[in-house]
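The values are calculated or read from the model by the stated rules, or taken from the named source; none is laboratory data. All of these numbers come straight from a predicted model, not from anything done at the bench. Here the Cβ positions follow ideal geometry from the backbone for every residue, glycine too, while neighbour counts run over all protein chains shown. To get the accessible areas, we keep the full protein, side chains included, count just its heavy atoms, and leave off ligands, DNA and RNA. Shrake-Rupley method; radii C 1.70, N 1.55, O 1.52, S 1.80 Å.
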Amino acid sequence: MNPRLGGLRFPVEHSRGRRYPEPPHPYRNAFQRDRDRIVHARAFRRLEDKTQVFGAGTSDHFRNRLTHTIEVAQIARTVAAALGLDEDLTEALALAHDIGHPPFAHAGEEELDRQMSRFGERFDHNLHALRIVESFEQRYAGFPGLNLTFEVREGIAKHSRDFGPGEDPVLDEYLPGLRPPLEAQIIDLADEIAYNTADLDDGRSARFFEVEEVARAVPEFAALRDAADERFPNAPVRIRFNEALRALIDMLVTGLIEGTREAAIAAGVRDYEDVRRYPERLARLTAPAASATSALKCFLRERVYTSKPVAAERVTSTAMIAGLFAWYLDSPERLPETYREQAGRVPVHRLICDYIAGMTDGYLRRTWEQAQRA
Ligand code: MG
């Protein structure tokens, strides 16, 4: 049985290319250039001051959205390499996967969506990411946005879900009804592995729960914890937890590699075109990894995401976003000039949404404080 899936790799030379054709680079291929453009984008740097789960200021050790992104890239690259996929395309997609995230994590996304629904519209961070790379990033003389290859834009559009023809006119150019290449399919699951294990780590550091409670709720973790305890009986609790946690990451990543390999073999796909046409996504976890993941999610929901301190932060950040949205809606001339000058062409609520979505947590907080003084 073929241990690698080299045949399923998306060959960079088959790329549908860029919206604005550019001459090739002497030693970086198209996906490597896309990765580099993402790293140099402002929206990428702003991830540093965007909350993952725990707000900035809670601790110097917790993840923010930038360090989370680096962890996703590390996991996704490992999986891509083990499966013989294109590591550059995978890395570009991993680095871009959260650039459309608004300030204040999911609370921010939900509140912007709620604000937009009053106007019969939606806020979706994947679509927002597409708008960032297509137009908001203005750094090059020859074209708007980053002029990324089709496959990277498609991967952003299909980060967490596929769509059919006509569902959204913006998405119609990204092969509706077809699956993205495996390089793009593995990102969503690498993201999940990264945040579930990171939130477990940060949640324990924040003393939201004891190691024993994780072991009771997640049997797969209990087995790894027992193994770590047996192997390092004299190590401090924190170090033994860490050993169990790294074993858990390893188990989940291996589960993604094996699960995807088994699914691809069972489906009989021979190349990326078959992957595209297959009726469902082939990137998946093995059954044990999937069961560990669902137990872990359940535990984190109960003990971290809905915990009092995190819930209280949600209330505060939701109120700030709603307040700021209303403040700009009240007097759109408060928007920066680059937004005001689009007012004739773009509905005001969309401009406000775009502006707020691009803010870091810190900038939003400072703007809200100014708004209240004004
Ligand atoms: Mg993410």
If you take the residues of segment 78-116 that are of a type in the set (A, V, I, L, M, F, W, C) and in a loop (DSSP other than H, G, I, E, B), which of them is farthest from the ligand (Cβ to nearest atom)? Leu85
Does any residue of segment 236-247 turn out to be closer than 30 Å to Leu8 by Cα, within 20 Å of the chain's Cα centre (by Cα) and among the hydrophobic types (A, V, I, L, M, F, W, C)? no
Taking Ala105, is it aliphatic (A, V, I, L, M) and on the phi < 0 side of the Ramachandran plot? no
Determine whether Arg161 is within 16 Å of the ligand (Cβ to nearest atom), in a loop (DSSP other than H, G, I, E, B) and among the charged types (D, E, K, R). yes
Count of residues meeting criterion [surrounded by fewer than 19 Cβ atoms within 10 Å (Cβ to Cβ), farther than 13 Å from Thr293 by Cα and of a type outside the set (D, E, K, R)] in segment 216-239: 10
Only one of these conditions is not met by Ser291: (1) closer than 30 Å to Gln138 by Cα; (2) more than 21 Å from the chain's Cα centre (by Cα). Which number is it? (1)
Would it be correct to say that Arg139 is free of Cβ contacts under 8 Å to residues at least 60 places away in the same chain and either surrounded by fewer than 16 Cβ atoms within 10 Å (Cβ to Cβ) or over 21 Å from Gly358 (Cα atoms) (or both)? no
Hand me the list of helices (runs of 4 or more DSSP H) wholly inside segment 274-374 holding 1 or more residues that are within 30 Å of Glu262 (Cα to Cα). 287-300
Quick one: which residue in Arg365, Arg340, Arg345 is of a type in the set (Lys, Arg), closer than 17 Å to Met320 by Cβ and open to solvent by 10 Å² or more (accessible area, probe 1.4 Å)? Arg365
Do we find a residue being out of contact with any strand residue (DSSP E or B) (no Cβ under 7 Å at 6 or more places or on another chain), of a type in the set (Lys, Arg), crowded, with 18+ Cβ neighbours inside 10 Å and over 26 Å from Tyr355 (Cβ atoms) anywhere in segment 169-182? yes
Taking Thr69, is it within 16 Å of the ligand (Cβ to nearest atom) and either out of contact with any Phe, Trp or Tyr (no Cβ under 7 Å at 6 or more places or on another chain) or open to solvent by less than 10 Å² (accessible area, probe 1.4 Å) (or both)? yes
